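Below: the structure, in structure tokens.
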Amino acid sequence: MLDTVASIETREIPDGMRAPIDALARVARNLSFTIRRGALGQSLGHEVGENTDGDTQKALDVLADEAFAKALTGTGVRWYASEERDAVEPLDVDGRFVIAIDPLDGSSNIDVNVSIGTIFSIYEAKANAQASVLRPASEQIAAGYVIYGPQSQMMLTFGSGVQQYVLDPESDVFRLVDAAKTIPDGSSEFAINASNYRHWSKPIRAYIDDCLAGIDGPRGKNFNMRWVASLVAETHRILSRGGIFLYPSDDRSGYERGRLRMVYECAPIAFLIEQAGGAATDSCDPIMGMTASELHARTPFVFGTREKVARVTAYNDLPDQEVSALFGARGLFRA
Ligand SMILES: O=P(O)(O)OC[C@H]1O[C@](O)(COP(=O)(O)O)[C@@H](O)[C@@H]1O
Ligand SMILES: [Mg+2]
Ligand SMILES: [Mg+2]
């Protein structure tokens, strides 16, 4: 259907990158259609296997991965690195780019009609597959995500701000609605999977304790909590109205480095967030300065408005015994 016309408005997309971005947008609009059909179409949420990281793969994870790899072939992409594949794979031998992708983010939400997404990151390719993705996040030349929600939207950065596109159901084209999206200040929302509270480090517990204490605590104001369990949806909310997201490391086996993957989840989201005026860290240091040790490596992840992310770093920098007391007693960073 519609595969011969441009699937995204290209005026703000650098010339050399239009082919891969158009391919990503084309698959995204097809996925959006498939997701909207739900049970009227093919089954999407049943388990079909397990990926390298030990996550169950749903039918839609695999369908999305195969569709992106196929559509990107012939668009100048030399290497394709996916959450759903064991290793980085070749596409076009002479291609200029490497794409790292989480083809379907928020898999646990497929069956319950809650927003899910796609996250991607683009670098200049190197001759070596591994070296093309195991490099500082700051070397990304583009990053973006698609959210499949009540509206399907795409957010893109090429290193000079964040562009917001909405998939127009009339024309089936992603249309540019904001060429300079920035994160608003002032939200009092935090997002964390609070069921893991007992597993967190002291500084993370102290940070959340102080939020929960609300107007009676050291922060002197009330907070609200959100947890969608789709990284894309949390990012979209924070880009739209501010706040902070935390997926810290914890003491469960396998969560020593948190849950989220550096190459195709945290690096691209960090790039977008910084380009929108926010900050992204591993709870201490900026994600953009980090290099993954392997394709599926995890990292603790904290992002949102700068002041909120800096506060988490400050809690982490304090000696254990001082963590809460100091903030409470001296009223540091009040509100
Ligand atoms: O179930 P948990 O531990 O709260 O984890 C939720 C996180 O896992 C993820 O679903 C991981 O992504 P995938 O669905 O791509 O594996 C994130 O989108 C989300 O932030
Ligand atoms: Mg994901
Ligand atoms: Mg995924």
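The values are calculated or read from the model by the stated rules, or taken from the named source; none is laboratory data. Source: prediction; values computed, not measured. Quick reminder, even Gly has a Cβ in these numbers, built from the backbone with ideal geometry, and neighbours come from all protein chains shown. In case anyone asks, the SASA skips ligands and DNA or RNA and just uses the protein heavy atoms, side chains included. Shrake-Rupley method; radii C 1.70, N 1.55, O 1.52, S 1.80 Å.
Residue count for region 27-46, restricted to those that are touching a residue at least 12 places away in the same chain (Cβ under 8 Å) and either farther than 15 Å from Pro169 by Cα or among the aliphatic types (A, V, I, L, M) (or both): 10.
Of the residues examined, Gly149 is not one that is modelled with pLDDT of 95 or more, open to solvent by 10 Å² or more (accessible area, probe 1.4 Å) and at positive phi. Suppose the filter is within 13 Å of Ile110 (Cα to Cα) and open to solvent by less than 40 Å² (accessible area, probe 1.4 Å); does Thr34 pass it? Yes; evaluated as a whole, the condition is true for this residue.
Residues in region 61-89 that are more than 23 Å from Asp15 (Cα to Cα) and away from ligand 3 (no atom under 16 Å from the Cβ): 3 in all.
Of the residues that sit in region 299-324 and are touching a residue at least 60 places away in the same chain (Cβ under 8 Å) and outside any helix (DSSP H, G or I), which one is surrounded by the most Cβ atoms within 10 Å (Cβ to Cβ)? The qualifying residue surrounded by the most Cβ atoms within 10 Å (Cβ to Cβ) is Phe303. Can you pull out every residue in region 115-136 that is open to solvent by 10 Å² or more (accessible area, probe 1.4 Å), more than 11 Å from ligand 1 (Cβ to nearest atom) and outside any strand (DSSP E or B)? Within region 115-136, Ala125, Lys126, Ala127, Asn128, Ala129, Gln130, Ala131, Leu134, Arg135 qualify.
Within region 82-116, work out how many residues are closer than 16 Å to Tyr145 by Cβ, in contact with a helix residue (DSSP H, G or I) (Cβ under 7 Å, 6 or more places away or on another chain) and within 14 Å of ligand 2 (Cβ to nearest atom). Here the count works out to 12.
Filtering region 194-220 to residues that are of a type in the set (Gly, Ala, Ser) and surrounded by 15 or more Cβ atoms within 10 Å (Cβ to Cβ) leaves Ser201, Ala206, Ala213, Gly217. Residue pairs whose Cβ atoms lie under 7 Å apart, sitting 6 or more positions apart in sequence or on different chains, and linking a residue in region 63-83 that is in a helix (DSSP H, G or I) to a partner that is hydroxyl-bearing (Ser, Thr, Tyr) and away from ligand 3 (no atom under 12 Å from the Cβ), are Ala69/Tyr80; Leu72/Tyr80. Within region 282-302, the residues that satisfy the criterion of being of a type in the set (Ser, Thr, Tyr) and in contact with a helix residue (DSSP H, G or I) (Cβ under 6 Å, 6 or more places away or on another chain) are Ser283, Thr299. Would you check if there is a residue in region 227-237 being within 10 Å of ligand 1 (Cβ to nearest atom), on the phi > 0 side of the Ramachandran plot and of a type outside the set (Lys, Arg)? Yes: region 227-237 contains one or more residues that are within 10 Å of ligand 1 (Cβ to nearest atom), on the phi > 0 side of the Ramachandran plot and of a type outside the set (Lys, Arg). Scan region 286-304 residue by residue and report those that are β-branched (Val, Ile, Thr) and in contact with a strand residue (DSSP E or B) (Cβ under 7 Å, 6 or more places away or on another chain). Scanning region 286-304 gives Ile287, Thr291, Val302.
A quick yes/no check of all residues on (1) in contact (Cβ under 8 Å) with a residue 60 or more places away in the chain; (2) within 28 Å of Glu139 (Cβ to Cβ); (3) outside the structural domain of Arg311 (by TED's automatic domain parsing):
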position	(1), (2), (3)
Asn224	no, no, no
Ser230	yes, yes, no
Pro248	no, yes, no
Gly258	no, yes, no
Val263	yes, yes, no
Pro268	yes, yes, no
Ile273	yes, yes, no
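Being more than 16 Å from ligand 2 (Cβ to nearest atom), touching a strand residue (DSSP E or B) at 6+ places or on another chain (Cβ under 7 Å) and farther than 23 Å from Leu318 by Cβ, is that true of even one residue in region 210-224? Looking through region 210-224, at least one residue is more than 16 Å from ligand 2 (Cβ to nearest atom), touching a strand residue (DSSP E or B) at 6+ places or on another chain (Cβ under 7 Å) and farther than 23 Å from Leu318 by Cβ.
The single condition among (1) within 16 Å of ligand 1 (Cβ to nearest atom); (2) crowded, with 20+ Cβ neighbours inside 10 Å that Glu66 does not meet is (2). From the list Asp168, Asp172, the lone residue that is over 18 Å from the mean Cα position of the chain (by Cα), in contact (Cβ under 8 Å) with a residue 12 or more places away in the chain and within 24 Å of Ser32 (Cα to Cα) is Asp172.
Within region 271-281, being farther than 18 Å from Ile204 by Cβ and in contact with a helix residue (DSSP H, G or I) (Cβ under 8 Å, 6 or more places away or on another chain) holds for Phe271, Leu272, Ile273, Glu274, Ala276, Gly277, Gly278.
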